[in-house]
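These notes are about the structure you will find just below.
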Amino acid sequence: MRGSLNAMAQYTKHPVAAPPSAPERESTGHLLLRGYIILVLFTTFAHSAVYNLVGEVGAVIALVVFLLATVAIGVPLLARNRPQPFAWRRLPWAAIAYTVLALVSVAWSQWRGATLITWVLLATVTVNALFIVHVLTWHEIVRALASAFKWILGLSLVLELWVALVVHGPILPNFFDRPEGEIDPHWYWVRGNLFDGDRIQGIVGNSNLLAIISLFAIITFGVLYAARARWRTTLALWGLLAAFFLLRAGSATAYACAAAAGVVLVVALLMRRTTTPGGRTRLYVVVIGGAVVLTAAVWLLQKPLLALLGRSSDLTGRSDKIWEKVLDRAAEHPLFGNGFSSPWVPFDPAFAGWIEDHGITVFHAHNMWLDVLMQLGVLGLLLVGLAYLSLLWRSWFFAIDRPRWDLDSTRPYSPLTLLPSLFTIVLLVQGFTESTPIMLWGWMLLVVLSFKIKAVPLVGVGERERVIERGERTRRVP
């Protein structure tokens, strides 16, 4: 009797389910792919650092090399339909149409050489953006952005410390020796202001650019922290470094972008807590009304507000030195524009010496809408407006709507869904005083976010998003 009981107990020790196994690890090839994409993102966001390091020719060559590498990697993946078929029907068609129009504009361009050179840059960024969306999941894209921002922030700190403690003075691009006599500070790559309280430039060599990248980094680290990613303490420390750079860069545009992103974040979180359509409608009325009142107040008090930020009423010469001349040139060919060139090529006769600031030829109109109007006319303006309006619309509901693909309406929100709307509002606000949202990393973010939201409207769901919130890849079901 005792033997039979022992036998029965022995049998019950065996579970019905299959024995547990370790989670599937990422392949070496996929890890290398992610590392390559981080390098692409770093080179795109810190393109001015590459420019200051190897010159304008070297910077163009670097982007072209990445284009060729992306094509060499992407074509075999498309041929084998790995990791999944390319989502042709979900392409951001307004952005693609703008890219095509930029190339076609060479037919009537007033600066054909500049059009061809800068279109290669635009095409490179566009192809790399589409490739990133195709091969990475939502969580992997956010993690790649975080890694690129960490490299930029870390190298910026190292460079600032080196200039302040070792060089004891500013450095010029390409590490040229300083000539005798007075030099305008705007010519310097890094001015060595880390310990004297003045504005710092970081590895990107521009205070405004460093501030915006720091703001993007804060948003990225924040959503990963809220998503309970690994190494949260390290993320918090990186966030503090980004906040330090944001403050020390002293960019009024970045402060305005940060305020707008903060408002959008609060409203999105309130929308998530509102469970009824009527409640959302009332919240929309309050928010839109408050936005109108706030915009009117800012417009009426713009002079004292700008003085408080240490800026002149003409936005540091933008309205009278730059915008008026851009509008005059845009009026010459209002429908199709004068020809694509983002950024403006400083050695082209059409731009060399046309608009200068501190003796340096200006690279863009410091307003993306005026820049597009001058280059591609009303038609280009409509395409860019449609691209950003579509992204703003999709990213907003991507952030506030609960993830749902069946009758279950109680699934939790993912913090990662807040990132596209916050990035979009930063780009739109920045576009009033800068043209970067239509070139290089600004254009890359537009294409990546637009394409990814259309192709994968749910985070961590479905065969195309085989990843859970902590980034652990699950075994693919045959």
Original post:
Mind checking whether some residue in the stretch 167-175 is within 25 Å of the chain's Cα centre (by Cα) and either among the hydroxyl-bearing types (S, T, Y) or part of a helix (DSSP H, G or I) (or both)?
Top reply: yes
Subject >> Subset tally (residues that are buried (at least 17 other Cβ atoms within 10 Å of the Cβ) and over 22 Å from L449 (Cβ atoms)) for the stretch 74-89 >> reply: 0
**OP:** Would you be able to say whether some residue in the stretch 438-458 is within 15 Å of the chain's Cα centre (by Cα), basic (K, R) and buried (at least 18 other Cβ atoms within 10 Å of the Cβ)?
**Re:** yes
Subject >> Among the candidates H134, H139, H186, residue that is surrounded by 21 or more Cβ atoms within 10 Å (Cβ to Cβ) and not in a loop (DSSP other than H, G, I, E, B) >> reply: H139
Original post:
Could you list, in sequence order, the residues of the stretch 90-118 that are of a type in the set (A, V, I, L, M, F, W, C) and buried (at least 22 other Cβ atoms within 10 Å of the Cβ)?
Top reply: A95, A102, A114
**OP:** Just give me the residues in the stretch 334-353 being out of contact with any helix residue (DSSP H, G or I) (no Cβ under 6 Å at 6 or more places or on another chain) and more than 17 Å from I117 (Cβ to Cβ), in sequence order.
**Re:** G353
**OP:** Please enumerate the residues belonging to the stretch 215-272 that are touching a Pro at 6+ places or on another chain (Cβ under 9 Å) and at negative phi.
**Re:** G222, V223, L224, Y225, A226, A227
Subject >> Residues (touching a residue at least 24 places away in the same chain (Cβ under 8 Å), surrounded by fewer than 22 Cβ atoms within 10 Å (Cβ to Cβ) and either touching a Pro at 6+ places or on another chain (Cβ under 7 Å) or part of a helix (DSSP H, G or I) (or both)) located in the stretch 389-403 >> reply: S390, L392, R394, W396, I400
Original post:
Any residue in the stretch 102-114 that is touching a residue at least 12 places away in the same chain (Cβ under 8 Å), touching a helix residue (DSSP H, G or I) at 6+ places or on another chain (Cβ under 8 Å) and of a type in the set (F, W, Y)?
Top reply: no
**OP:** Test R143 against the stated conditions and say whether it is of a type in the set (K, R) and under 19 Å from V100 (Cβ atoms).
**Re:** no
Original post:
Which residues, taken from the stretch 251-274, are more than 13 Å from L422 (Cα to Cα), surrounded by fewer than 18 Cβ atoms within 10 Å (Cβ to Cβ) and not β-branched (V, I, T)?
Top reply: Y255, L270, R272, R273
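Read-outs: derived from the displayed coordinates by stated rules, not from any lab. Here the structure is a predicted model, which means the values were calculated and not measured. Every residue, glycine among them, receives a Cβ derived from its backbone with ideal geometry; neighbour counts consider all protein chains shown.
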